[in-house]
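Below: one structure, written as structure tokens.
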């Protein structure tokens, strides 16, 4: 028997959650027919490119609570299960849950540090209280890393009776790439304080002083652009550091040697996974789900510029030190199968 599930996603942009949904849409969840409720935006074409059943509705913070509730109730009429992604959809899903309904939620983006997402301790406490309430309505909680689940338990204190599972973001292995040494370093991140790009530039400056061939690309847009340009100029690195704005991530990863990601927090980074399967060097902060993906030699303290420089150099010039995908890391099909196995625990 095939059951019906509705995935509710409140953003129309293409980011990590859209990637996750599109990957699952492409392979399917065994035993389930999926429908995706999303607002209008690039995510619609992405999902339809995977032959997904997409409902474009007035759903998400841009449309308000009343319209979002109505859109979810319409899209999920007759469904056996609703699966929400991201905080806004999680709350709407809890409010819209009918008697006897089954509600699943995946946590993609909680941070151990309160100020990463909420801006103030008071706002963080208010959000935590809201999440504690909405989790009382959930039947199953999935998390994209063990670190994510640990923080959910500590901050939101879900009911002890709520089933929980870690389902890592799946990535398909690629053919063995050529292990070419080099020192073209890149970052794929919003130019924002929580990405610690100023620390990356400081570490790169130490590397650049001893390796004249080293280059750095800071791909992305955000509020720190002007400050980063000033820092690069002050350090005399204008001809060594490029800030191209938005770029195609896959194309950039094909052309660089090392990906650097020194964020304050990451849950289960697709950028890291994509770099690993492409045979790139990786240097990252030892936070969140990063240690679940990477060995210790790839993890650094972003505040230690010398350590950042050493790790960038080793990952660039010694391909044998680069990380590989863990043997038990799920590919996309295995990830979708794990979702289906979790559904089976709660679906009627």
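Listed conditions (1) under 20 Å from the mean Cα position of the chain (by Cα); (2) modelled with pLDDT of 95 or more are all met by residue 315, apart from (1).
Looking across segment 235-268, the residues that are within 17 Å of the chain's Cα centre (by Cα) and more than 16 Å from residue 220 (Cα to Cα) come down to 264, 265, 266, 267, 268. I'd like to check something: does segment 205-221 contain any residue that is closer than 30 Å to residue 142 by Cα and modelled with pLDDT of 95 or more? Scanning segment 205-221 turns up at least one residue that is closer than 30 Å to residue 142 by Cα and modelled with pLDDT of 95 or more.
Condition check for residue 205 on (1) touching a residue at least 60 places away in the same chain (Cβ under 8 Å); (2) outside any loop (DSSP other than H, G, I, E, B); (3) surrounded by fewer than 19 Cβ atoms within 10 Å (Cβ to Cβ): one failure, at (3). Among residues belonging to segment 243-269 that are in contact with a helix residue (DSSP H, G or I) (Cβ under 7 Å, 6 or more places away or on another chain) and under 14 Å from residue 185 (Cβ atoms), point out the one that is surrounded by the most Cβ atoms within 10 Å (Cβ to Cβ). If we take residues in segment 243-269 being in contact with a helix residue (DSSP H, G or I) (Cβ under 7 Å, 6 or more places away or on another chain) and under 14 Å from residue 185 (Cβ atoms), then 260 is surrounded by the most Cβ atoms within 10 Å (Cβ to Cβ).
Checking each residue in segment 55-85 for being over 16 Å from residue 139 (Cα atoms) and under 22 Å from the mean Cα position of the chain (by Cα) picks out 59, 60, 61, 62.
Among the residues making up segment 21-60, those that are assigned to a loop (DSSP other than H, G, I, E, B), surrounded by 16 or more Cβ atoms within 10 Å (Cβ to Cβ) and without any contact (Cβ under 8 Å) to a residue 60 or more places away in the chain are 39, 41, 50, 52, 57, 59, 60. Scanning segment 182-193 for residues that are in a loop (DSSP other than H, G, I, E, B) and touching a strand residue (DSSP E or B) at 6+ places or on another chain (Cβ under 9 Å) returns 182, 183, 189, 191. Among the candidates 280, 240, the residue that is surrounded by 15 or more Cβ atoms within 10 Å (Cβ to Cβ), over 23 Å from residue 110 (Cβ atoms), in contact with a strand residue (DSSP E or B) (Cβ under 9 Å, 6 or more places away or on another chain) and in contact (Cβ under 8 Å) with a residue 40 or more places away in the chain is uniquely 280.
The values are calculated or read from the model by the stated rules, or taken from the named source; none is laboratory data. None of these values were measured; they are calculated from a predicted model. Neighbour counts are summed over all protein chains in view; Cβ atoms, including those assigned to glycine, are modelled from backbone coordinates with ideal geometry.
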